[in-house]
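Reading through the structure tokens given below for one structure.
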Amino acid sequence: MGLEGPEELEELAFRKINEGKVKDGLKLVLRAARGYEREGKIRDAARLYKYLGYLLLEKTNDVDKARPPLLKAAYLYIDLIEEHVSRPEVDIDVLDEYCSNVLEVFVTLNDKGNLMKYTKEFAGIYEDLGDSYRENEDIPMAIRAYESAYRYYRAINDIESYRRLAETLISLYGRVAETKLENNDLLGAAEAFYRLASFIHTIFGYDVHFIEMMDTAAKNFEKASKIFYSQGDLDGTTSALVKAQYAYLLSKNFGRAKLIGLNTTRMLYQVVSSYRARGDDEKTAEKLMELAEALIGIGKLEDAMKAYKSVLDIKSGLRFRVRVRGAVLKYYAATKESEKVLEDVEAIEYYLSRKAYPRGLELAENTMLRAGLEEALEKIHEAEGIYQP
């Protein structure tokens, strides 16, 4: 065909697949992947081998047929990881992408041996990175690396390692909160106290230590909201108040949480109307999402679903789907004092912060089913237009 470059082969491959000529398209994908590999474009090669594997799995429903390209992709990503971490400057976003691709393949192939092996290896890589950032006093990056290591250690139930990292993160978040307070950044301090509380939960469980720290976060979110309000910033006010509401819920101060929730919902209706009148869809959707969260936090699931449906009418996205489920689970964790659900909520929030929305959504769905929240999940599905038989 006179096509030499892998880019042209890839373009033609996708054209064939879109035209329904899947077999021809798959052959071209394989040729393009090999071409990228020969040219040393390993990231592109890995991407195409992974695509090829998952397309084969989708079309044949046979894991054995998909195994060779998926394993090839995994090992190419491992090569990329080794090359990337040897650089003087490591891009954690890129590293996250490579690591998650490797583990996704081993999960798909149900290869528990390699899954455990590489999860542990990746945890060690992130912990070493965290140590390096910490030595250089780059605390935000140290926290980010340590949190990834912590999640990987939790995934393989390495209790000693994840508890050690929880203690490190408590210390670092404490420093961040202190600095934020000194700089009168109450919102930043509140966020740090909130994260600090989740790692206190790892060490002490749902006890007085966790409750006190979550209460400190709630008070700082509330103080931040008052500053926003004094500046006439209703957007900032409502965002801080929804966070305060849930922090009070988790600190078991249900009366304060309900009062804030009621006031915030009234304010949010006003803010939503204002953004709608301006034709600002982005902000309207965001504030409707906050309204749904605030309503869930005061136990008004039916009203919350109306707001949530309005969000999806404007802008659909996995981020909103994860958030609505997370709100239901936080409300449940607080009212039932559920250790396990709270652990899953913390993981869901981690996935949200890393924009790993598919993983967050899967965990949220599974957690709701395990917690006996089928009815609430049905209402969410109904709002999303998913009807279960």
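The values are calculated or read from the model by the stated rules, or taken from the named source; none is laboratory data. A quick note: this is a predicted structure, and the numbers were derived from the prediction, not measured. Glycine gets a Cβ as well: all are built from the backbone with ideal geometry, and neighbour counts include every protein chain shown. The accessibility values were calculated without ligands, DNA or RNA, using every heavy atom of the protein model including side chains. Shrake-Rupley method; radii C 1.70, N 1.55, O 1.52, S 1.80 Å.
Looking at Tyr331, Tyr248 in this structure, which one is modelled with pLDDT of 95 or more, under 24 Å from Met368 (Cα atoms) and either part of a loop (DSSP other than H, G, I, E, B) or open to solvent by 40 Å² or more (accessible area, probe 1.4 Å) (or both)?
Tyr331
Among the residues of the range 274-292, is any at pLDDT 95 or above, aliphatic (A, V, I, L, M), more than 30 Å from Pro358 (Cα to Cα) and surrounded by fewer than 16 Cβ atoms within 10 Å (Cβ to Cβ)?
yes
Note down all Cβ pairs under 7 Å where the first residue falls in the range 67-93 and is closer than 26 Å to Ser132 by Cα, the second is part of a loop (DSSP other than H, G, I, E, B), and they're at least six residues apart or on different chains.
His84/Val90
Test of understanding: among Asp128, Asp93, which residue is charged (D, E, K, R) and either closer than 17 Å to Tyr350 by Cα or open to solvent by less than 80 Å² (accessible area, probe 1.4 Å) (or both)?
Just one listed residue meets the conditions, Asp93.
Could you identify the single residue in Val176, Val107 that is touching a Leu at 6+ places or on another chain (Cβ under 9 Å) and surrounded by fewer than 17 Cβ atoms within 10 Å (Cβ to Cβ)?
Val107
Okay, residues lined up against (1) over 32 Å from the mean Cα position of the chain (by Cα); (2) within 25 Å of Ile81 (Cα to Cα):
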position	(1), (2)
Glu4	yes, no
Lys16	yes, no
Val22	yes, no
Arg31	yes, yes
Glu39	yes, yes
Arg47	no, yes
Leu57	no, no
Lys65	no, no
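Looking only at the range 257-292, count every residue that is small (Gly, Ala, Ser) and touching a helix residue (DSSP H, G or I) at 6+ places or on another chain (Cβ under 6 Å) and tell me the total.
4
Can you pull out the helices (runs of 4 or more DSSP H) entirely within the range 32-135 that have at least 1 residues that are within 16 Å of Tyr152 (Cβ to Cβ) and in contact with a Cys (Cβ under 7 Å, 6 or more places away or on another chain)?
Of the helices (runs of 4 or more DSSP H) lying wholly inside the range 32-135, those with at least 1 residues that are within 16 Å of Tyr152 (Cβ to Cβ) and in contact with a Cys (Cβ under 7 Å, 6 or more places away or on another chain) span 63-85, 112-135.
Are there any pairs, at least 6 apart or on different chains, whose C-beta atoms fall under 6 Å, with the first in the range 332-360 and closer than 18 Å to Gln245 by Cβ and the second crowded, with 18+ Cβ neighbours inside 10 Å and basic (Lys, Arg), and if so, which?
Short answer, once both residue conditions are applied: Val345/Lys330.
Pairs needed: first member in the range 118-132, acidic (Asp, Glu); second member anywhere, buried (at least 21 other Cβ atoms within 10 Å of the Cβ); C-beta distance under 6 Å; at least 6 residues apart or different chains.
Sorted first by the residue in the range 118-132, then by its partner, the pairs are Glu127/Ala149.
How about the range 334-351: which of its residues are open to solvent by 40 Å² or more (accessible area, probe 1.4 Å) and within 21 Å of Lys379 (Cβ to Cβ)?
Correct list: Thr335, Lys336.
Starting from the range 295-322, keep only residues that are farther than 12 Å from Gly385 by Cα, then list their pairs with residues that are at pLDDT below 95 and hydroxyl-bearing (Ser, Thr, Tyr) whose Cβ atoms are within a distance under 6 Å, requiring at least 6 positions of separation or different chains.
So the pair list comes out as Leu318/Tyr357; Arg319/Tyr357; Val322/Tyr357.
Step by step: first the residues of the range 323-351, then only those that are under 23 Å from Glu384 (Cα atoms) and charged (D, E, K, R), then the one that is farthest from the chain's Cα centre (by Cα). Which residue is that?
Lys330
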